[in-house]
Amino acid sequence: MTATNICILISIIAYLILVLGIGVAFMKKNETADDFYLGGRKLGPFVTAMSAEASDMSSYLLMGLPGLAYATGLADVTWTAIGLAAGTYLNWLLVAKKLRRYSVEAGNAVTVPAFFVNRYRDRKKITGIIAALVIIIFFVPYTASGFAACGKLFSTLFGVDYFTAMIISAVVIVTYTTMGGFLAASTSDFIQSIVMTFAIIIVVGYGTIKAGGPESVIDNAQSLAGYFTMSATHVAETNEAAPYGFLTIISTLAWGLGYFGMPHILLRFMASKDSKQLTLSRRIASVWVVISMGVAIAIGIVGNAMTKKGVIPAVEDPEKILIYIAQLIASHGVAAALVAGVILAGILAATMSTADSQLLAASSSASQDILKNVFWKDMSDTAGIVVARVTVLVISLIGVFIAKNPDSSVFSIVSFAWAGFGAAFGPAMLFSLFWKRTNLPGIVAGMVSGGVMIFIWKFLVRPVGGIWNIYELLPAFIVSALCILVVSLLTGEPDREIVEEFERVKVMTDGLS
């Protein structure tokens, strides 16, 4: 191993020790399963905001967005970013405060499935079981993709065996999550957001200088057909522009709808110390998302210019452009190699921040919403915390098994899982918070129809192509919303107790900015 790689490794190891220390620090603060999964609703405004966004952005911020910008130009990546930014802001504006208050009022729910059960007085736990199964089905392989990303990062950098690297990464994530639970995951996510921010700022600044400055970067982008426009995409193989039509734009913007149904983000709203502080959290989160995605897109455009000028060699995998730039930074000496190590730790941080949140969401669904609510209703607090930690370990082992093949297609599940959560939970959450006529049959119909339509559109309709080539989240979201509306109107009105609770929450949240 070279001296440069040793310096990089030192920075990454220091970061891993830090997150393990966080897990140890919060270990004794988890006395019950509620503490383990929701942190006792103690998150401050900054941790609430940044942990939510760090767990959301994942390695997509540092690898997906730059890679897409590098390969195809502005259109696809920018419309995606606009959809994500709009979804982020609207989720914080519409859902955050109301869910925080409603989840307490509705039986102090500590998971998303439990909220639906309590909101509709679902004595048979039908909504809870459906929601828990959706979370487990999509989040277990999603967590596996995080383990795999960490393994591939270490394998690429240091030439170590992929499986060994993946196991080590998984052990670190599982260890601090198992020890510290939600508070450890949220605190580490907050720190990880800082590391991610540092990484993208350093890379885009250094890359711009090496590419010859902003004018040189823009000149390169303008010289590529369809690269520097919002109405076309660049086709690198032929240097031609492919049209980016209105229907494609709408389909891409639909990514923003997914936010209303993301369990790991919704849990941050529920865990906030005070609903009033969520206004500050919304502002912090929205500003960070816009700036970070803008810088990530700029990295891809700068990286393309660096390639054209011969500063870095031709890139086979565009999603690794940040890694290539970081390795170039590391070539400038020991201090630069340590900085490069922090940048690469940013990629690791982005992946870990999502994996830990997904791990907790999946395990809470298995242990609380299925095991406790269905099979072990008199579970004690002591047994609850033990079961919570054991469930995290079991789900982690399944994730490791799924991720054992470095050539697996587990990463393709990410966009599919996003659509699944958005369609199954998004309309259900919005109707639950804003329409008092919504009833239990309507919510069940919405969850089931939204989830089923994801599969139908993805595998049966979208392959037809043409006007049907729309991201499955959009049609499934619409179908789910219509089913909730129609079935709720065709079936009995909700009980008076449920309506009165809805009105109480409405009074609590009306007038808050």
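The values are calculated or read from the model by the stated rules, or taken from the named source; none is laboratory data. Remember, it's a predicted structure, so these values are computed and weren't measured experimentally. No Cβ is skipped: glycine too gets one built from the backbone with ideal geometry, and neighbour counts run over all protein chains shown. Each accessible area value is taken on the protein alone, full model and side chains, heavy atoms only, with ligands, DNA and RNA left out. Shrake-Rupley method; radii C 1.70, N 1.55, O 1.52, S 1.80 Å.
How about the stretch 221-250: which of its residues are open to solvent by 70 Å² or more (accessible area, probe 1.4 Å), assigned to a loop (DSSP other than H, G, I, E, B) and closer than 23 Å to V315 by Cβ? Residues satisfying the conditions are F228, E237, T238, N239.
Residue-by-condition table, conditions (1) of a type in the set (A, V, I, L, M, F, W, C); (2) touching a Leu at 6+ places or on another chain (Cβ under 9 Å); (3) without any contact (Cβ under 8 Å) to a residue 24 or more places away in the chain:
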{"site": "A296", "(1), (2), (3)": "yes, yes, no"}
{"site": "A305", "(1), (2), (3)": "yes, no, no"}
{"site": "E316", "(1), (2), (3)": "no, no, yes"}
{"site": "I323", "(1), (2), (3)": "yes, yes, no"}
{"site": "A345", "(1), (2), (3)": "yes, yes, no"}
{"site": "A350", "(1), (2), (3)": "yes, yes, no"}
{"site": "D356", "(1), (2), (3)": "no, no, no"}
{"site": "A362", "(1), (2), (3)": "yes, no, no"}
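Just one of the listed residues (V217, V203) is over 20 Å from the mean Cα position of the chain (by Cα) and more than 30 Å from A355 (Cα to Cα), namely V217.
So is F190 within 16 Å of the chain's Cα centre (by Cα), surrounded by fewer than 24 Cβ atoms within 10 Å (Cβ to Cβ) and of a type in the set (F, W, Y) or not? Considered against the rule, which asks whether it is within 16 Å of the chain's Cα centre (by Cα), surrounded by fewer than 24 Cβ atoms within 10 Å (Cβ to Cβ) and of a type in the set (F, W, Y), F190 comes out as yes.
For the condition among the β-branched types (V, I, T), in a helix (DSSP H, G or I) and open to solvent by 40 Å² or more (accessible area, probe 1.4 Å), V486 qualifies. Against the numbered list (1) modelled with pLDDT under 95; (2) not in a helix (DSSP H, G or I); (3) not hydrophobic (A, V, I, L, M, F, W, C), K458 comes up short only at (2). The set of residues in the stretch 429-455 that are surrounded by fewer than 15 Cβ atoms within 10 Å (Cβ to Cβ) and part of a loop (DSSP other than H, G, I, E, B) comprises W435, R437. Among the residues of the stretch 308-351, just one is at pLDDT 85 or above, of a type in the set (S, T, Y) and part of a helix (DSSP H, G or I), namely Y324. For the stretch 54-67, filtering for residues that are part of a helix (DSSP H, G or I), more than 8 Å from I297 (Cα to Cα) and either touching an Asp or Glu at 6+ places or on another chain (Cβ under 9 Å) or open to solvent by 10 Å² or more (accessible area, probe 1.4 Å) (or both) leaves 8. Between G303, G294, the distinction of being in contact with a Phe, Trp or Tyr (Cβ under 7 Å, 6 or more places away or on another chain) and closer than 23 Å to A75 by Cβ belongs to G303 only.
When the stretch 110-149 is examined, which residues are found to be of a type in the set (A, V, I, L, M), buried (at least 24 other Cβ atoms within 10 Å of the Cβ) and farther than 30 Å from V172 by Cβ? Matches in the stretch 110-149: V117 only. Every condition in (1) over 30 Å from the mean Cα position of the chain (by Cα); (2) among the hydroxyl-bearing types (S, T, Y); (3) at pLDDT 95 or above holds for T208 except the one numbered (1). Per the listing L267, L280, the residue uniquely surrounded by fewer than 22 Cβ atoms within 10 Å (Cβ to Cβ) and part of a helix (DSSP H, G or I) is L280. When the stretch 155-175 is filtered for residues that are over 17 Å from V19 (Cα atoms) and without any contact (Cβ under 8 Å) to a residue 40 or more places away in the chain, the ones remaining, listed by number, are G159, V160, D161, T164, A165. Among the residues here, G300 does not qualify as open to solvent by 30 Å² or more (accessible area, probe 1.4 Å), small (G, A, S), at negative phi and at pLDDT 90 or above.
Please determine whether any residue of the stretch 256-263 is part of a helix (DSSP H, G or I), open to solvent by 50 Å² or more (accessible area, probe 1.4 Å) and in contact with a Leu (Cβ under 8 Å, 6 or more places away or on another chain). Within the stretch 256-263, none of the residues are part of a helix (DSSP H, G or I), open to solvent by 50 Å² or more (accessible area, probe 1.4 Å) and in contact with a Leu (Cβ under 8 Å, 6 or more places away or on another chain). Could you run through the stretch 428-465 and say how many residues are touching a residue at least 40 places away in the same chain (Cβ under 8 Å) and not hydrophobic (A, V, I, L, M, F, W, C)? So the count comes out to 10. For the stretch 93-114, check the following and say yes or no: at least one residue is in a helix (DSSP H, G or I), modelled with pLDDT under 90, β-branched (V, I, T) and over 18 Å from the mean Cα position of the chain (by Cα). Within the stretch 93-114 (the criterion being in a helix (DSSP H, G or I), modelled with pLDDT under 90, β-branched (V, I, T) and over 18 Å from the mean Cα position of the chain (by Cα)), the answer is no, since none of the residues qualifies. Looking at S357, is it more than 14 Å from T175 (Cα to Cα), surrounded by 24 or more Cβ atoms within 10 Å (Cβ to Cβ), modelled with pLDDT under 75 and not basic (K, R)? Answer is no for this residue. Answer yes or no: is there a residue in the stretch 115-136 that is in contact (Cβ under 8 Å) with a residue 40 or more places away in the chain, basic (K, R), closer than 24 Å to G450 by Cα and assigned to a loop (DSSP other than H, G, I, E, B). Yes, there is a match, as at least one residue in the stretch 115-136 is in contact (Cβ under 8 Å) with a residue 40 or more places away in the chain, basic (K, R), closer than 24 Å to G450 by Cα and assigned to a loop (DSSP other than H, G, I, E, B). Picking from residues in the stretch 395-415 that are within 25 Å of G261 (Cα to Cα) and surrounded by fewer than 17 Cβ atoms within 10 Å (Cβ to Cβ), the one that is modelled with the highest pLDDT is I398. Selection of the stretch 197-217 for residues being open to solvent by 60 Å² or more (accessible area, probe 1.4 Å) and either touching a Leu at 6+ places or on another chain (Cβ under 7 Å) or more than 28 Å from V342 (Cα to Cα) (or both) yields only E215.
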